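The values are calculated or read from the model by the stated rules, or taken from the named source; none is laboratory data. The structure presented is a predicted model; accordingly, all values stated were derived computationally and were not measured. With ideal geometry, Cβ positions are generated from the backbone for all residues, glycine too; neighbour counts draw on all protein chains shown.
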Amino acid sequence: MRVDRRTAERGVAFLACAELLTVAETFDPLGLAVCSAALLALPMRRRFPLSTLAVTLPATVTEYLWLPAMLAMFVVACRASPRVIAGCGALLFVAALLPWPPGALLDHSRPEILTMVEGAGLLSLGPIVLGLLVRTRDELRHRLADLAATQQREQWLESQRAVTRERARLARDMHDTVSHHVGIIAVQSGVLGATEPDAGRRADIEVVREHSVRALEELRDMVGVLRGADAAAAATVGRTRLTDLHGLTAESLLDVGVHIAVAPGTSWDPALEAAAFRIVQEALNNVRKHAPGAPVQVSVLTTEGQDALVVEITNGPPGKDVQAPALPAGGHGLAGLRERAALVGGRVAARPTAEGGFTVRAELPL
């Protein structure tokens with residue numbers, strides 16, 4: 001069972017008080033003075049260990065009390081420098097060695113004096129050795145705590161390095177695969193646009209080419225950010241401001257009505273605007289996948305208390321004569337929206353409407 005250091009000190013202090021019983025029969029005014037001073041000084045041993053030792057030494061010299069000076073010496077050994085410890089230990093040794101009155105030393109025989117020297121040495125060295133052991137234990141504990149903190153820090157740095165390596169790998173994969181396919185789309189659409197005689201088709205092909213070129217530009221920026229291991233910057237790559245929402249909806253190939261009741265400016269947090277933009281972008285993408293031909297209403301406004309930005313995308317039921325395109329779906333759309341909103345401290349709710357459509361509502365704190 002582990003005993004707390006302070007509990008042990010309190011126990012020794014209690015024993016020092018109980019030590020009075022051993023001198024109760026020989027109590028006199030001198031004993032009352034030195035014992036009272038020694039016991040009253042003990043509670044101050046932590047704040048003033050040297051003064052406490054000085055006050056308790058007379059009780060040791062007069063041979064009334066021994067434990068108060070030993071307890072004070074223990075505290076000194078726990079805190080003071082080696083030179084101070086040696087000096088205090090010498091004082092305690094002399095106080096324990098000299099009889100009271102000091103002239104009585106001449107009345108002792110040589111064996112008695114040697115016994116007194118041995119007892120004084122044990123009385124002074126015991127608290128010093130015990131205090132140094134406690135001090136070493138505390139220092140070792142602190143060093144172990146520092147070592148554990150350093151190891152934890154190294155583990156965190158290693159995890160960050162692993163994340164950086166993984167981002168670099170993802171950047172390479174994105175560059176090598178996505179840019180290859182999108183680059184082919186951009187080149188082929190450019191060739192088709194140059195050879196297509198029909199003006200309407202040329203306009204559609206030009207839209208495909210512009211989107212593919214823009215995708216390559218954003219991919220290039222994204223790869224650069226990922227290589228720099230800056231996730232916050234990666235979230236804002238490309239046209240991700242609220243002022244870009246009109247262009248996004250116009251190019252979505254959907255019947256979209258937009259209502260933006262806020263005045264975005266330079267004071268807006270780019271990460272917040274990027275989250276709102278990406279939420280609208282992903283919601284429109286889901287409409288194209290699952291409800292083609294449905295009318296869509298996009299609204300961006302602030303709450304009454306001006307403490308949150310509310311982004312709501314509502315679509316009606318899909319068109320009856322429009323077939324859903326065969327686009328890949330990973331099932332991570334809504335989960336991704338919730339994760340993106342959570343990055344800025346917001347939340348996303350999605351639910352079907354009574355008319356057969358769907359609503360996505362995000363609240364992003366300002």
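Couple of notes before you dig in:
- Spans of strands (runs of 3 or more DSSP E) in segment 259-366 with at least 3 residues at pLDDT below 80 and exposed (fewer than 14 other Cβ atoms within 10 Å of the Cβ): none
- Test for V75: is it under 22 Å from L130 (Cβ atoms) and in contact with a Lys or Arg (Cβ under 7 Å, 6 or more places away or on another chain): yes
- Some residue of segment 125-138 being under 30 Å from P29 (Cβ atoms), at pLDDT below 90 and surrounded by 13 or more Cβ atoms within 10 Å (Cβ to Cβ): yes
- Any hit, segment 14-23, residues being part of a helix (DSSP H, G or I), under 18 Å from L98 (Cβ atoms) and modelled with pLDDT under 65: yes
- Of the residues making up segment 230-252, just one is at pLDDT 75 or above, surrounded by fewer than 16 Cβ atoms within 10 Å (Cβ to Cβ) and of a type in the set (A, V, I, L, M), namely A250.
- When residues in segment 51-95 are screened for being outside any helix (DSSP H, G or I) and modelled with pLDDT of 85 or more, 2 of them pass.
- Considering segment 351-365, and only residues there that are without any contact (Cβ under 8 Å) to a residue 12 or more places away in the chain and not basic (K, R), the residue that is farthest from R338 (Cα to Cα) turns out to be A354.
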